[in-house]
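S.K.: Starting off with a structure, shown below.
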Amino acid sequence: ANPAPTASAVIRDETGRILLARRANDPGAGLWDLLGGFMNEGEEPLEALRRELREETGLEVEPGDYLGGLPERYGEDGIWTVNFYWAGRLGPGEPQPADDVAELAWFPAGALPPRDQFAFTNTVELLRKVPLFSDLDNRELGHIAQSMKRREFSPGQEIAREGETGGDSHGPAN
């Protein structure tokens, strides 16, 4: 079967914090995820991204650079997805959780939740690159995607920042 496409964003504010969504529904209810979701039939990826973020936050999003795509199974026995990611910034206003989001929270790039508190490994894989570059503008995040294309990742594999080896890393040290 063909994978279902999704569109998601790494939303950052002017201080570099990253906006995460606590999922209201399974798979991964109660766990953190990036904002975004499934594309509708015939929908363009950026159109889907804007729609999903409007549904989940009540705000418009300004997409930035494309960060890459990663495959993932949607839940332990779920369908396969291919997840496309962009950098982005929210429009004016305060985001409010809606649709399938139970909570929204801003996290400093160097203080993200531990990897076992994320619903999907592809989110962790994408975010493991972002904290190293918290002082960069969203447009510059596109360069991060280049190194992701060469890295293989399998579920259950230890997540460590680039340059670290093994250990029980739950994200970057402050």
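The values are calculated or read from the model by the stated rules, or taken from the named source; none is laboratory data. Source: prediction; values computed, not measured. Counting neighbours? That spans all protein chains shown, and the Cβs are built from the backbone with ideal geometry, glycine included. These area figures cover heavy atoms from the full protein model, side chains too; ligands, DNA and RNA do not enter into them. Shrake-Rupley method; radii C 1.70, N 1.55, O 1.52, S 1.80 Å.
S.K.: Which GluC sites (Glu not before Pro) from segment 18-60 combine a DSSP loop assignment with at most 10 other Cβ atoms within 10 Å?
M.R.: Glu41
S.K.: Select from segment 1-91 those chymotrypsin sites (Phe, Trp or Tyr not before Pro) which occupy a DSSP coil region and have at most 15 other Cβ atoms within 10 Å, ordered by residue number.
M.R.: none
S.K.: For segment 3-125, report the % of Cα-Cα distances exceeding 22 Å.
M.R.: That fraction is 26 percent.
S.K.: In square angstrom, rounded to the nearest 10, how much accessible surface does Thr123 have for a 1.4 Å probe?
M.R.: Per-residue accessible area (Thr123): approximately 0 Å².
S.K.: Let me ask you something else. Restricting to Cα pairs below 8 Å that are 6+ residues apart, what does the relative contact order work out to for segment 1-139? Please round to a whole percent.
M.R.: Contact order relative to length: 33 percent.
S.K.: Keeping all protein chains in place, calculate the accessible area per residue for segment 1-113 (probe 1.4 angstrom), answer in Å².
M.R.: Per-residue accessible area for segment 1-113 comes out at 48 Å².
S.K.: Pull up the DSSP beta bridges for segment 1-108 and report the antiparallel fraction as a percent, rounded to 5.
M.R.: 75
S.K.: Amide H of Leu31 versus every other amide H placed in the peptide plane: which residues, excluding those fewer than 5 positions away on the same chain, fall under 5 Å?
M.R.: So Leu31 has HN proximity to Arg23.
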